[in-house]
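*Asks:* Shown below is the structure under consideration.
The values are calculated or read from the model by the stated rules, or taken from the named source; none is laboratory data. Keep in mind that this is a model prediction, so the values were computed, not measured. Here the Cβ positions follow ideal geometry from the backbone for every residue, glycine too, while neighbour counts run over all protein chains shown. Ligands, DNA and RNA are stripped out before the accessible areas are found, and what is left, the full protein with its side chains, is counted by its heavy atoms. Shrake-Rupley method; radii C 1.70, N 1.55, O 1.52, S 1.80 Å.
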Amino acid sequence: MLILLPPSEGKTAPSSGPSLALASLLDAERLTAPRRTVMSALAEVSRGPDAASVLGLGPRSAEQTRTNLWLETSPCAPAHQLFTGVLYEAAKLDSIAAQTTGRGTLERHCVIFSGLWGVLSPIDPVPDHRLSMGTSLPGPGRLPSFWKPHLAPVLKDRGAPGLVVDCRSADYAAAWKPSASDGVEIMTVRVVRVANDGSRKVVSHMAKQARGLLTGALLSAVAAGTLSPDAHADDVAALAARLNSVDDVEVSEADRQGRLVLTLVTR
């Protein structure tokens, strides 16, 4: 099983820690060169007067672009500690990493997509930065298109054979679109809220929280040995049905690409 996560806009910048070591990041042999390409383009943009606009940051966040100028010297923290948005708060990856088998579970069964780094292991140490996958940089261009050929062989090797649980948002999903031809079973996680009139709505905050709760539950179960690393879609659906915030689960039929949709129904 391999869980695909987006990063988080919310971050807690470490006050101390080691400097960036690209050779220590996930699949450095194949990804260091494209990572350097994006780092260079990002630094160039971040020096300019239009940095906030290019990076899609509001006026209050404009000063944060300067964090992109010191990537190689800023202190680093594991990605699961750096990212502190709703999904990561719900997943409680820190607690999993503290378990005896938790660190290995995170390393083997979860990847975080990133506009800057392509993909990361949750335990990879990285510095604070500002770059979303939806950005287009001079040189690399649109980041999903730039990363797609680099990530496909990396993720195919990590995911196959087995189940891929996709908790990404649209921009990050565009950087790798697994199919059954890759030797994987794909389950996309969708979250809907049932209104008082019975209608269903997608609520961003609740969707992130539910995906985080599912991620944490799956990884905790694998680390504890109560869920097989070779779990199938039915196993994931059964675990999801036991989450406190989930009223019901639905699993679609597979489409032509072999993709299932797991819908978590909340109120």
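*Asks:* Filter the stretch 216-245 down to residues that are open to solvent by 10 Å² or more (accessible area, probe 1.4 Å), assigned to a loop (DSSP other than H, G, I, E, B) and either touching a Ser or Thr at 6+ places or on another chain (Cβ under 8 Å) or more than 20 Å from Val86 (Cβ to Cβ) (or both), then give me how many there are.
*Replies:* Selection size over the stretch 216-245: 10.
A quick yes/no check of all residues on (1) open to solvent by 40 Å² or more (accessible area, probe 1.4 Å); (2) in a helix (DSSP H, G or I); (3) touching a Ser or Thr at 6+ places or on another chain (Cβ under 8 Å):
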{"site": "Lys148", "(1), (2), (3)": "yes, yes, no"}
{"site": "Leu151", "(1), (2), (3)": "no, yes, no"}
{"site": "Leu155", "(1), (2), (3)": "no, yes, no"}
{"site": "Arg168", "(1), (2), (3)": "no, no, no"}
{"site": "Tyr172", "(1), (2), (3)": "no, yes, no"}
{"site": "Ala175", "(1), (2), (3)": "no, no, no"}
{"site": "Glu185", "(1), (2), (3)": "yes, no, no"}
{"site": "Arg190", "(1), (2), (3)": "yes, no, yes"}
{"site": "Arg193", "(1), (2), (3)": "yes, no, yes"}
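*Asks:* Considering only strands (runs of 3 or more DSSP E) fully contained in the stretch 96-141, which possess at least 1 residues that are of a type outside the set (A, V, I, L, M) and surrounded by fewer than 24 Cβ atoms within 10 Å (Cβ to Cβ)? Before you say what the answer is, go through the steps one by one.
*Replies:* On the way: elements: 110-114, 118-120, 125-127.
Answer list for the stretch 96-141: 125-127.
*Asks:* Across the stretch 1-27, what is the total count of residues that are in contact (Cβ under 8 Å) with a residue 12 or more places away in the chain and either within 12 Å of Val111 (Cβ to Cβ) or not in a loop (DSSP other than H, G, I, E, B) (or both)?
*Replies:* Just the residues of the stretch 1-27 that are in contact (Cβ under 8 Å) with a residue 12 or more places away in the chain, to begin with: 1-22, 24-27.
Pick out the ones that are also either within 12 Å of Val111 (Cβ to Cβ) or not in a loop (DSSP other than H, G, I, E, B) (or both) and you get 1-7, 11, 22, 24-27.
Final tally of qualifying residues: 13.
*Asks:* Follow-up. Among (1) open to solvent by less than 50 Å² (accessible area, probe 1.4 Å); (2) of a type in the set (A, V, I, L, M); (3) under 19 Å from the mean Cα position of the chain (by Cα), which single condition is Ala13 missing?
*Replies:* Unmet for Ala13, out of (1) open to solvent by less than 50 Å² (accessible area, probe 1.4 Å); (2) of a type in the set (A, V, I, L, M); (3) under 19 Å from the mean Cα position of the chain (by Cα): (1).
*Asks:* Which residue is nearest to Gly104 (Cα to Cα), if the candidates are limited to the stretch 29-76 and must be outside any helix (DSSP H, G or I) and touching a strand residue (DSSP E or B) at 6+ places or on another chain (Cβ under 6 Å)?
*Replies:* The first filter runs over the stretch 29-76 and keeps only residues outside any helix (DSSP H, G or I), leaving 48-50, 55-58, 70-76.
Remaining after also requiring touching a strand residue (DSSP E or B) at 6+ places or on another chain (Cβ under 6 Å): 71, 74, 76.
Numbers: Leu71: 26, Ser74: 26, Cys76: 20 Å.
Once the filter is applied, the top-ranked residue is Cys76.
*Asks:* Within the stretch 16-55, track down each residue that is modelled with pLDDT of 95 or more, among the small types (Gly, Ala, Ser) and within 26 Å of Val86 (Cα to Cα).
*Replies:* Ser16, Gly17
*Asks:* Listed residues Leu264, Leu213; which is modelled with pLDDT of 95 or more, open to solvent by less than 30 Å² (accessible area, probe 1.4 Å), outside any loop (DSSP other than H, G, I, E, B) and within 25 Å of Gly85 (Cβ to Cβ)?
*Replies:* Working: Leu213 fails: open to solvent by less than 30 Å² (accessible area, probe 1.4 Å).
Going through Leu264, Leu213 in turn, the sole match is Leu264.
*Asks:* Being in contact (Cβ under 8 Å) with a residue 12 or more places away in the chain and buried (at least 19 other Cβ atoms within 10 Å of the Cβ) is true for just one of Ala77, Ala43. Which residue is that?
*Replies:* Criteria check complete, one pass: Ala77.
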